[in-house]
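Each remark here refers to the structure printed beneath this line.
The values are calculated or read from the model by the stated rules, or taken from the named source; none is laboratory data. Not measured: the values here are computed from a predicted model. Methodologically, a virtual Cβ is constructed for each residue, glycine included, from the backbone with ideal geometry; neighbour enumeration extends over all protein chains shown. Note: accessible area is taken over every heavy atom of the protein model, side chains too, but ligands, DNA and RNA are not part of it. Shrake-Rupley method; radii C 1.70, N 1.55, O 1.52, S 1.80 Å.
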Amino acid sequence: MPRYGMVIDLDRCTACQACVVACKVENNVPFTDPEAAAKGRTMLWIELLADIEGSFPSLRASLKPRPCLMCDDPPCTKVCPVNATYQNPDGIVAQIYPRCIGCRYCTNACPYGVKLFNWRKPEWPKPMAEGLDPDVSVRPKGVVEKCTFCHQRLQAARERAAWERRPMREEDYQPACAEVCPPNAISFGDLDDEKSEVHRLSRHDRAFRLLAELGTKPKVYFLREVGK
Amino acid sequence: MNRREDWTYEEKALIPPVVKTSRLFWFTAAGLAAIVLWALYAWYYQLQRGLGVTGMGRPVYWGFYITNFVFFIGVSHAGTLISAILRLTRAEWRRPITRAAEIITVAVIAIGASNVIIDLGREDRLFNVIFKPHLTSPLLWDVLSITTYLTGSVLYLYLPTIPDSAILRDKLPRRRWLYGPLSLGWTGTERQKKLLNRAIAVMAVIMVPIAVSVHTVVSWVFAMTIQPMWHSSIFGPFFVVGAIYSGIAAIIVAMAIIRKGCHLEAFLKPLHFDYLGRLLLVMTLLWTYFTFAEYITTYYGNSPDEIRVMMSKLTGPFAPYFWTMVICCLPVPLVILGVKRFRTITGTVIASLLINVGMWLERFTIVIPTLSNPRIPRYNVHYTPSWVEVSLMAGCFALFILVYMGFTKLFPIISIWEIEEGREGVQETAERLESYLPEGEWGEAAGPVPAAASIA
């Protein structure tokens, strides 16, 4: 089985947030009004983390796009009382929306703040409601959702490869964020495949993982900025 | 046979509060019922619109509901655990207290557990915890231990009511339909007494570890995550101590109210408040010890994430709640309960009320500050509960008092037969006390002097 992972080169990233927009459209992630946003109910499967070091005037800000880190030892899955979040054979931390009871234990157990809760029935502005992605289910109110590495794309790619009677290629399956990234900062593929780019980059000198000291073993790597 | 003059002293004093209901009782009950109805409306409102009607958001995914859950489950340690310990240690002064304490457990544990259900995003899928259980989740351990505790507590409350049901069956002919079946054909034979006492003793032994397990696994819901100031190995015993602390305080308040309300001054004497006050003093010191140990190790550990959570309590936005908790739980009870002159009924009740306020704040300052200060990302979102959450909290407290009041109209709040048994057993108790001492007559040498002593 492949171990899908991601490497995000922060030296290339311009913080344009094209990945954020692409993800939102691809995965039918609900919109939030300003009032809900003020309560911390913004729904973003990939978001820009702002790290601000020091204080004005000698401060340094760094921005990291953060999808679900798809931990190999996820703190969220073991606390779910009903197995609604689990690690599937592809190593992807998945959510079963129709089983989730909405206790939000996983959202509190995740040290990266990745998981999101549907506080209300999701709504879209008029024209957007007609353009939802038919491959992704719209989540009901009261369940937890999160980045799935665009799992629907993996399914489609597998089916196509099977139909064409050939093995899957790396370019067959790319999540929306990796595909859309203008400066090509996001690489995606099988971490265990020695020929893959992510395998090479994840061993790069600049590679690091978020809160690696917690032992969660994320499959998303970042490449440190080289400097200005 | 059933003339009032034939009733024993206990029956004359304890049966009328069951039958006679004052106007004040009805007014209070109506007021409480109104609050409960309002809370039910708030719940309906939330069910229709989703948890968006609460003040919760990211990162504070848990708020008042989970705080109340932990608090109520804590208070539930009042009854069954304290009563079991007093029974097992054969503390004679327990007799008028046990039942008043046990009903607190049953009422409060059901209300505490409902708070988790209210907190669910999908109440309709509640039974997934039975049909799709995931045993590594501490929340599932909660489900198991709380349902066990509730079942055991109901049984443990019911067993000692059997002889009283038989008394009420004989004394109140109009309620025979109720007490007849409940008394299970009790006639008071020696064999029945022996069986009942053994059953109560067995239940008392079983209930102690179950009660300890309940608040241990409640704490593990937090401790089994890796979040700052939740992931703490002290949490199990820390929560159990806090639970017993708030539990004893709840018993004292309840006792003071029924003492006045049911005119039971002859049964619930200053002595009982004094003894429970001493127990409460021990718990004050234990709670302080655990709290101090928890914070001093965090401070010396100096892990930035933990310090951020801790400082938000000591000097940050949670400081008012944290320091109110400290004042309510440490210096005030210490002075009131530690000085004999203040350890009166009024004194212990004031201390107990403050302790319960403090313990609620403790639960709040354990749940919320950790969620408000995650490792990443940083947020500027502050949690303020909505009217729905406040209404449901008020409803929970009102429902608890209402259930308690209702129970006093169902059974004598002080066990008639246990008081009578205590009265009849005075001789036996005196003999037991004597058996603790070295054998021999008073004033005489107690048998041959041991060899070791004679050398000196």
Note to self: Can you find, within region A:42-58, the residue that is surrounded by the most Cβ atoms within 10 Å (Cβ to Cβ) among those that are more than 17 Å from A:Val7 (Cα to Cα) and within 13 Å of another protein chain (Cβ to nearest Cβ)?
What the structure shows: A:Met43
Next item on the list: Select, from B:Leu354, B:Leu279, B:Leu337, the only residue that is modelled with pLDDT of 95 or more, among the aliphatic types (A, V, I, L, M) and surrounded by 14 or more Cβ atoms within 10 Å (Cβ to Cβ).
Entry: B:Leu354
Checklist line | Scope region A:168-177; condition in a helix (DSSP H, G or I), touching a strand residue (DSSP E or B) at 6+ places or on another chain (Cβ under 7 Å) and under 24 Å from A:Thr85 (Cα atoms); matching residues | finding: A:Cys177
Margin query: Tally up the residues in region A:90-118 that are more than 7 Å from chain B (Cβ to nearest Cβ) and of a type in the set (Lys, Arg), please.
Written below: 1
Note to self: Out of the residues in region A:129-156 meeting the condition of being in contact (Cβ under 8 Å) with a residue 60 or more places away in the chain and in contact with a Leu (Cβ under 8 Å, 6 or more places away or on another chain), tell me which one is nearest to the other protein chains (Cβ to nearest Cβ).
What the structure shows: A:Val144
Notebook entry, point to check: Going by the conditions given, is B:Ile130 without any contact (Cβ under 8 Å) to a residue 40 or more places away in the chain, open to solvent by 30 Å² or more (accessible area, probe 1.4 Å) and either in contact with a Leu (Cβ under 7 Å, 6 or more places away or on another chain) or more than 14 Å from chain A (Cβ to nearest Cβ) (or both)?
Noted result: no
Next item on the list: Determine whether B:Phe64 is of a type in the set (A, V, I, L, M, F, W, C), open to solvent by 20 Å² or more (accessible area, probe 1.4 Å), at pLDDT 90 or above and closer than 22 Å to B:Ala249 by Cα.
Entry: yes
Margin query: So, in region A:142-167, exactly how many residues are small (Gly, Ala, Ser) and touching a strand residue (DSSP E or B) at 6+ places or on another chain (Cβ under 9 Å)?
Written below: 1
Notebook entry, point to check: Which one is surrounded by the fewest Cβ atoms within 10 Å (Cβ to Cβ), of the residues in region B:67-89 that are of a type in the set (A, V, I, L, M, F, W, C) and within 28 Å of B:Ser372 (Cα to Cα)?
Noted result: B:Phe72
Next item on the list: Quick one: A:Gly91 ticks every box in (1) over 30 Å from B:Val53 (Cβ atoms); (2) among the small types (Gly, Ala, Ser); (3) free of Cβ contacts under 8 Å to residues at least 60 places away in the same chain except a single one, so which number is it?
Entry: (3)
Checklist line | Whichever residue in region A:59-75 is open to solvent by 10 Å² or more (accessible area, probe 1.4 Å) and facing chain B (nearest Cβ under 10 Å) and, among such residues, is modelled with the lowest pLDDT | finding: A:Lys64
Next item on the list: Answer yes if at least one residue in region A:152-174 is open to solvent by less than 40 Å² (accessible area, probe 1.4 Å), under 30 Å from B:Gly50 (Cβ atoms) and either at pLDDT 95 or above or not β-branched (Val, Ile, Thr) (or both), and no otherwise.
Entry: yes
Next item on the list: Take region B:365-422 and flag every residue that is within 14 Å of chain A (Cβ to nearest Cβ) and among the basic types (Lys, Arg).
Entry: B:Arg375, B:Arg378
Check: What number of residues in region A:207-224 are assigned to a loop (DSSP other than H, G, I, E, B) and surrounded by 15 or more Cβ atoms within 10 Å (Cβ to Cβ)?
Finding: 6
Notebook entry, point to check: Looking at region B:1-89, what helices (runs of 4 or more DSSP H) fall wholly within it and have at least 3 residues that are more than 19 Å from the chain's Cα centre (by Cα)?
Noted result: B:9-14, B:16-19, B:23-49
Next item on the list: Report, by residue number, each residue of region B:296-327 that is open to solvent by 90 Å² or more (accessible area, probe 1.4 Å) and touching a helix residue (DSSP H, G or I) at 6+ places or on another chain (Cβ under 8 Å).
Entry: B:Tyr299, B:Tyr321, B:Ile327
Checklist line | Test: B:Val116 is of a type in the set (A, V, I, L, M, F, W, C), within 18 Å of A:Cys103 (Cα to Cα) and open to solvent by 20 Å² or more (accessible area, probe 1.4 Å) | finding: yes
Check: Among the helices (runs of 4 or more DSSP H) confined wholly to region B:371-440, which include 2 or more residues that are more than 26 Å from the chain's Cα centre (by Cα)?
Finding: B:416-424, B:426-435
Item checked: Residue within region B:104-123 that is part of a loop (DSSP other than H, G, I, E, B) and not aliphatic (A, V, I, L, M) present -> yes
Notebook entry, point to check: From the list B:Tyr41, B:Tyr9, which one is closer than 30 Å to B:Ser372 by Cα and among the hydroxyl-bearing types (Ser, Thr, Tyr)?
Noted result: B:Tyr41
Next item on the list: At least 1 residues that are open to solvent by less than 20 Å² (accessible area, probe 1.4 Å), in contact with a helix residue (DSSP H, G or I) (Cβ under 6 Å, 6 or more places away or on another chain) and at pLDDT 90 or above in each: list the helices (runs of 4 or more DSSP H) lying fully within region B:151-259 that qualify.
Entry: B:162-171, B:190-223
Notebook entry, point to check: Of the residues that sit in region A:119-128 and are more than 7 Å from chain B (Cβ to nearest Cβ) and not basic (Lys, Arg), which one is surrounded by the most Cβ atoms within 10 Å (Cβ to Cβ)?
Noted result: A:Pro122
Margin query: For A:Asn83, only one of the following conditions fails: (1) more than 8 Å from every other protein chain (Cβ to nearest Cβ); (2) open to solvent by 20 Å² or more (accessible area, probe 1.4 Å). What is its number?
Written below: (1)
